[in-house]
Amino acid sequence: TASGQVWAWGFNGDGEVGDGTTTNRLSPVLLANLSGVTQVSAGIGHTVVLTGGGAVFAWGYGGYGEIGNGATSNSLVPVRVPGLSGVSVVAGGDLHSLAMTPAGALWAWGGNNYGRLGDGTTTNALTVEQISCAGASTVLTDHYDMNGDSPAWTSSSDGGWTRHVIGLDGNLDATVTYTPSTGATATVLQLSDLHGDVVATADPGGTGVSATYTYDAFGNPTDANTARYGWLGGKTRATTGIGALTLMGVRLYNPATGRFLQTDPIPGGSCNPYDYACQDPVNGLDLDGTCSWWDVICIAKKAADAIWATNRAADNLANGSTQAGLIWAHMHGAHCKVTKGLMILCTGMQGGVAQGAHAFTVGNVIMTSDDKLLKGELAHETKHADQWALLGWRIVPLYIMNFEYSDYRLNNQCDNFFEWWAGFKGGRYSC
């Protein structure tokens, strides 16, 4: 609240609420032992807060050291994280926590699989450790809020951010950028041509055009001015800061050569696996890196995939399996988001996943204890969602019976028809 009070509610199996109990709370409760709080950040199963004096408190699940007090036990009430003072920003991650001072010093603690702490190891840190960022440049991270490939906002490693304002025509109309070094927030109008190129920027305060931009047909700047959103910037295609490379959906595009750096993921999506729009950038577009807009076969396949994904989602809602999957995921502290094909990916499961399993699917809900899935794993679990849509709850006994009819080896996934259907390789099975 404005007075620095903290209220919490919801699942409380590991002390997430912070009221000293493990009783789920259906309505907000006041955490009486906290005051002067200026920032709250919730991880998957734990929470970190910052006070006006720069102190950091944490509570909830602590199995990987998320609390930062040297233990791996849960904390049912907020405890001060030792070794931190003068902090200006905190963040609760999946299984770890971060803090930063106004001078840019970065501290991290908690789970470190995949190197999430940034200390050069994969060893969990039960207490705070300072992370060296010597020689590091500002890193931009795009954030997506739906199933498309246009970012909703971009954060920078120095604490800044940029919001993208999309107009009624679907093009980028403006950016709103916060610069931490000055504390200022600025809005810049993005003026696009019919091709979708940002050709000028302007100050909405009435000072007029601030800069103009020109490009050749393949996206190379033809004047001295450059911008993150330039050629096809109206379509939120952004330069990456790695030379002149542009992120085009699933692939990187080099305007100097007019070619992608990766092969087309859709066979026949263009005239060859690397070219851009069959080398006709005036009449063709390839915004997502998968197929040119005029490739009828490719577009028809994508449309069919979209229709199938919509029907699959509807069927799994109708049979109740998606709702059941979401309930199970949230009971086990998962963080869920919509991903490709209207699938719902729930990561960071704290229990609820069979021992030795990387992931499992109920309806349109994919659940895993990891913080992400590989592309092949996502495709594998999506096939299981197809099975749920076609068979409904009948898949449960059929799946089990499939084991029983295969040499009675209940732990041998390689004998299971449904795993074969989904693809053994994507499921990490050595069959």
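Computed quantities for the displayed model
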| item | result |
| --- | --- |
| Count of residues meeting criterion [part of a loop (DSSP other than H, G, I, E, B), under 17 Å from Thr187 (Cβ atoms) and either in contact with a Gly (Cβ under 7 Å, 6 or more places away or on another chain) or touching a residue at least 12 places away in the same chain (Cβ under 8 Å) (or both)] in the stretch 205-227 | 1 |
| All positions within the stretch 148-174 that are of a type in the set (D, E, K, R) and closer than 16 Å to Gly230 by Cβ | Asp173 |
| First in the stretch 376-399 and under 14 Å from Ala318 (Cα atoms), second anywhere and among the polar types (S, T, N, Q), Cβ under 6 Å, 6 or more apart | Ala385/Thr361; Ala385/Asn364; Trp388/Asn316; Trp388/Ser321; Ala389/Asn316; Gly392/Asn319 |
| Residues of the stretch 42-52 classified as in a loop (DSSP other than H, G, I, E, B) and closer than 18 Å to Gln130 by Cβ, total | 0 |
| Odd one out for Thr122, checked against (1) in a strand (DSSP E or B); (2) surrounded by 12 or more Cβ atoms within 10 Å (Cβ to Cβ) | (1) |
| Inter-residue pairs, beta-carbon under 6 Å, first without any contact (Cβ under 8 Å) to a residue 40 or more places away in the chain and more than 23 Å from Thr51 (Cβ to Cβ) and in the stretch 3-26, second in a loop (DSSP other than H, G, I, E, B) and aromatic (Phe, Trp, Tyr), 6+ apart | Asn24/Phe11 |
| Single condition Asn416 does not satisfy, out of (1) modelled with pLDDT of 75 or more; (2) crowded, with 16+ Cβ neighbours inside 10 Å; (3) under 30 Å from the mean Cα position of the chain (by Cα); (4) more than 17 Å from Asn319 (Cα to Cα) | (3) |
| Extreme residue, modelled with the highest pLDDT, among residues of the stretch 214-235 that are among the aliphatic types (A, V, I, L, M) and farther than 20 Å from Asn283 by Cβ | Ala227 |
| Strands (runs of 3 or more DSSP E) fully within the stretch 293-410 counting 2 or more residues that are more than 18 Å from the chain's Cα centre (by Cα), modelled with pLDDT of 85 or more and surrounded by 19 or more Cβ atoms within 10 Å (Cβ to Cβ) | 360-362 |
| Contacts under 7 angstrom Cβ, first residue in the stretch 115-129 being of a type in the set (S, T, N, Q), partner in a strand (DSSP E or B), 6 or more apart | Asn124/Gly110; Thr127/Trp109 |
| Selected residue (only one of Gly20, Gly13 is more than 26 Å from Pro180 (Cβ to Cβ) and touching a helix residue (DSSP H, G or I) at 6+ places or on another chain (Cβ under 9 Å)) | Gly13 |
| Condition met for Trp161 (modelled with pLDDT of 85 or more, touching a His at 6+ places or on another chain (Cβ under 7 Å) and of a type in the set (A, V, I, L, M, F, W, C)) | no |
| Looking only at the stretch 266-283, and only at residues there that are of a type in the set (A, V, I, L, M) and touching a residue at least 24 places away in the same chain (Cβ under 8 Å), the one that is surrounded by the fewest Cβ atoms within 10 Å (Cβ to Cβ) | Val282 |
| Test: residue in the stretch 57-66 that is under 20 Å from Leu117 (Cα atoms), of a type in the set (A, V, I, L, M, F, W, C) and either free of Cβ contacts under 8 Å to residues at least 40 places away in the same chain or surrounded by fewer than 22 Cβ atoms within 10 Å (Cβ to Cβ) (or both) | yes |
| Residue among Gly219, Gly243 that alone is out of contact with any helix residue (DSSP H, G or I) (no Cβ under 9 Å at 6 or more places or on another chain), exposed (fewer than 13 other Cβ atoms within 10 Å of the Cβ), under 21 Å from Asp275 (Cβ atoms) and not basic (Lys, Arg) | Gly243 |
| Residues being part of a loop (DSSP other than H, G, I, E, B) and surrounded by 18 or more Cβ atoms within 10 Å (Cβ to Cβ) - total across the stretch 250-265 | 3 |
| Within the stretch 99-126, considering residues that are within 20 Å of Gln39 (Cβ to Cβ) and touching a Gly at 6+ places or on another chain (Cβ under 6 Å), the one modelled with the lowest pLDDT | Thr101 |
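Condition check ((1) loosely packed, with under 15 Cβ neighbours inside 10 Å; (2) among the basic types (Lys, Arg); (3) assigned to a loop (DSSP other than H, G, I, E, B)) across all residues:
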{"position": "Thr1", "(1), (2), (3)": "yes, no, yes"}
{"position": "Trp9", "(1), (2), (3)": "yes, no, no"}
{"position": "Asp14", "(1), (2), (3)": "no, no, yes"}
{"position": "Asp19", "(1), (2), (3)": "no, no, yes"}
{"position": "Leu26", "(1), (2), (3)": "yes, no, no"}
{"position": "Leu34", "(1), (2), (3)": "no, no, yes"}
{"position": "Thr38", "(1), (2), (3)": "yes, no, no"}
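The values are calculated or read from the model by the stated rules, or taken from the named source; none is laboratory data. The shown structure was predicted, so the numbers you read here are calculated from the model rather than taken from an experiment. Don't worry about glycine lacking a Cβ; one is built from the backbone with ideal geometry, like all the others, and counts go over all protein chains shown.
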